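No lab work stands behind these numbers, since they all come straight from the coordinates. Predicted model only: the values in this text are computed from it and were never measured.
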Amino acid sequence: MKDFVISVNNSVLYIALAFLWLIGLVAMFSSSFLSGLAILIGGTLTWCIVSGFWFVQSATYEELRKLNAKS
């Protein structure tokens, strides 16, 4: 069950990044270049922080699972 949750959350993270980029690109060409650029940069940095925490947590789970399987 945990593996399913990890794969779903990974998919959700990448869909969220694609959505942020889409909004940023639309904003660059429709309203203001600088506001679109701010959305791209700020959104990507926020996504990197959130996904970094998530990937570290899921990698820790994988390592603990490997250790438990050995013993």
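Structure data summary
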{"item": "Segment Val26-Glu62, extension gain: residue separation times 0.36 nm, minus the distance between their alpha carbons", "result": "9.2 nm"}
{"item": "Phi-based couplings in Hz for segment 48-62 (Karplus 6.51, -1.76, 1.60; Gly and Pro marked x)", "result": "4, 5, 5, 5, x, 4, 5, 5, 5, 5, 6, 5, 4, 4, 5"}
{"item": "Calculated SAXS-style log₁₀ I(q)/I(0) at q = 0.21, 0.27 Å⁻¹ - the chain, Debye, Cα scatterers", "result": "-0.85, -1.10"}
{"item": "Difference of contour (0.36 nm per residue) and Cα-Cα distance, Lys70 to Leu34", "result": "7.6 nm"}
